[in-house]
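The values are calculated or read from the model by the stated rules, or taken from the named source; none is laboratory data. Bear in mind that the values here come from a model prediction, so they are computed numbers and not experimental data. Note that each Cβ is placed from the backbone with ideal geometry, even for glycine, and that neighbours are counted across all protein chains shown.
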Amino acid sequence: MRKTIPTTCDVCFKSFVRKRTLNTHILLHSGERPFKCNVCSKSFRRESSLQRHTCRVVYTAEKPHQCNVCSRKFAQLGTLNRHRRVHEAEKPYKCNVCSKVFLQTSDLRRHSLTHTGEKPHQCDVCLKSFAQLCHLKRHMSKHTGEKPYKCNVCSKVFQQTSDLQRHSFTHTGEKPHQCDVCLKSFAQLWHLKRHLSKHTGEKPYECGVCSKSFEQDRYLKKHRLTHTGEKPHKSNDCS
């Protein structure tokens with residue numbers, strides 16, 4: 001069998017066994033995204049990423065599946081079933097380590113990383129690793145410097161569509177993220193997620209030292225200082 005010769009990137013000198021993997025890696029440096037969605041024009045470096053995008057996103061205004069509690073409608077039956085757990089307080093996914101329960105498998109997977117310390121998503125450029133894929137995607141824009149998303153009102157540019165969407169609310173005053181329980185609305189999704197913990201009682205952020213849990217990430221960060229003794233806030237007057 002013919003021996004495979006590693007191929008090296010001319011920019012960062014990282015080596016790859018397959019030429020195709022190198023070609024995909026090079027796109028990180030060039031910022032090129034050759035695979036484009038025909039519906040929303042969002043582009044991707046990998047064809048597999050485009051395929052996941054098209055499978056995940058429903059390009060239709062039709063929402064035939066309705067919740068019998070709050071009458072909210074959904075495009076997919078699976079999304080309706082997940083939504084119903086908010087009303088029923090059902091949490092079918094249980095952690096094998098600490099027996100904590102979750103509404104969705106994705107929440108359980110993220111939680112499991114607090115026990116293992118695993119960071120499975122690695123940057124191809126600097127090799128820094130992340131526990132969540134969304135954190136890696138946000139990190140990648142630091143290497144490319146690309147800001148392809150432009151505001152139609154003030155022409156400000158952004159690295160991610162989510163940043164542009166959040167920015168647009170400063171012009172419209174729109175609050176598109178609504179709580180399924182109390183119907184309170186929020187401009188940003190993470191504000192809604194933080195709010196939902198008041199209804200569910202969920203505390204997904206766990207301290208790796210004492211296992212104490214918190215509703216929000218910022219509370220966990222503040223709590224960690226009690227273990228490290230760190231005092232990051234310095235007075236400008238007396239130091």
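Values computed for the structure shown
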| item | result |
| --- | --- |
| Those residues of segment 170-183 which are at negative phi and either among the acidic types (Asp, Glu) or exposed (fewer than 15 other Cβ atoms within 10 Å of the Cβ) (or both), in sequence order | Thr170, His171, Thr172, Glu174, Lys175, Pro176, Gln178, Asp180, Cys182 |
| Qualifying residue in segment 156-166 (condition: over 30 Å from Thr24 (Cα atoms), outside the structural domain of Thr24 (by TED's automatic domain parsing) and hydrophobic (A, V, I, L, M, F, W, C)) | no |
| Pairs, first farther than 27 Å from Ser112 by Cβ and outside the structural domain of Lys184 (by TED's automatic domain parsing) in segment 70-95, second modelled with pLDDT under 75 and surrounded by 12 or more Cβ atoms within 10 Å (Cβ to Cβ), C-beta under 7 Å, six or more apart | Ala75/Val58 |
| Count of residues meeting criterion [at negative phi, under 28 Å from the mean Cα position of the chain (by Cα) and in a loop (DSSP other than H, G, I, E, B)] in segment 210-239 | 5 |
| Which listed residue, of Val153, Val157, is among the β-branched types (Val, Ile, Thr), without any contact (Cβ under 8 Å) to a residue 60 or more places away in the chain, touching a Lys or Arg at 6+ places or on another chain (Cβ under 6 Å) and exposed (fewer than 15 other Cβ atoms within 10 Å of the Cβ) | Val157 |
| Residue that is modelled with the highest pLDDT [pool: residues in segment 35-50 that are hydrophobic (A, V, I, L, M, F, W, C) and part of a strand (DSSP E or B)] | Phe35 |
| Test: residue in segment 111-128 that is closer than 25 Å to Gly201 by Cβ and either part of a loop (DSSP other than H, G, I, E, B) or assigned by TED's automatic domain parsing to the domain that holds Phe44 (or both) | no |
| First in segment 183-204 and touching a residue at least 24 places away in the same chain (Cβ under 8 Å) and closer than 21 Å to Thr114 by Cα, second anywhere and of a type in the set (Ser, Thr, Tyr) and surrounded by 15 or more Cβ atoms within 10 Å (Cβ to Cβ), Cβ under 9 Å, 6 or more apart | Glu202/Ser213; Pro204/Thr114; Pro204/Ser197; Pro204/Ser213 |
| Tally, over segment 200-239, of residues that are exposed (fewer than 12 other Cβ atoms within 10 Å of the Cβ), within 20 Å of Val97 (Cβ to Cβ) and among the hydrophobic types (A, V, I, L, M, F, W, C) | 2 |
| Output for segment 129-138, where each listed residue is surrounded by fewer than 16 Cβ atoms within 10 Å (Cβ to Cβ), of a type outside the set (D, E, K, R) and assigned to a helix (DSSP H, G or I) | Leu133, Cys134, His135 |
| When residues of segment 74-94 are limited to those that are assigned to a loop (DSSP other than H, G, I, E, B) and surrounded by 15 or more Cβ atoms within 10 Å (Cβ to Cβ), the one modelled with the highest pLDDT | Lys91 |
